[in-house]
Structures are given as structure tokens and as C-alpha cells.
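What follows is calculated from the coordinates using simple rules that are stated; it is not laboratory data. Because the structure is a prediction, the values reported are computed rather than measured. A quick note on method: Cβ atoms are made from the backbone with ideal geometry, for glycine too, and the neighbour counts reach across all protein chains shown.
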Amino acid sequence: MTDSSSLAVLAGTASTALFIASTLPMLAKAYRTRDLASYSLGNLLLANVGNIVHSVYVLSLPVGPIWALHGFYTATSLTMLAWFLRYGVRRSTHGGRPRMGITTEAPAHAAS
């Protein structure tokens, strides 16, 4: 391996570790609280579809740090979508607003 390719693999490995480390607190909080209110079903679905499409590209590359990063993001996106769908809407103790999931209820301010 040349010096420039060694440097590229080292940079890829370091950035993968940093991206994973930056995402782990979000996963831990979502797991602990089951609160994914800041996410939307559309966002989570698009992230998963994007990961599937991006897999075509990543799998064409030689095995390396990008495979680990893409695998982590794919697993994370699938996990977040599964949690979003599994735990449904939870009522917060602060104002009774939905905390996570899908709701079919009309907003409180909607006319009856």
C-alpha cells in the first residue's frame, strides 16, 4: 500500500469511529426513553431507502472503513424505524403531547 492510500484508510477509519461515537448517544437515549418525537416516519423511511440504494455503491467498493460506516448507519436507521413503529405514540407527562410514533388523533387545537 502506498503512503497516500494508507493515509486514506487511516482517515476513513478515524472518521468512521468519530461518526459512530457521535451517533451512539442518540441511540442510547432513544433506547432508554423510547422518545423519538423529534423523528418523523417519512425521515426514517427515506433514510432506510437511501441506505438500500447506497448499498449498491458501497458493495462495489473494496472492503474498508466505508463498509463499516455504511453497515452501522444501515443498522441504526433500521433500528430507529423499528423502535418508532414498535413503541407507537406515548403521552408525555409534560402537556399530554405525543412523544413518539404515529398518531391519527386530531391536534388539540383542531375544531371538533
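Assuming 0.36 nm per residue, please report the length gained on full extension of the stretch PHE72 to ALA11 beyond their Cα-Cα distance. Numbers along the way, then the final one.
On the way: separation 61, 0.36 × 61 = 21.96 nm, distance 1.72 nm.
Going from the current span to full extension adds 20.2 nm.
Efficiency by 1/(1 + (r/R0)^6): what FRET value for VAL49 and LEU24, r their Cβ-Cβ distance, R0 = 25 Å, to the nearest 0.05?
The calculated FRET efficiency here is 0.60.
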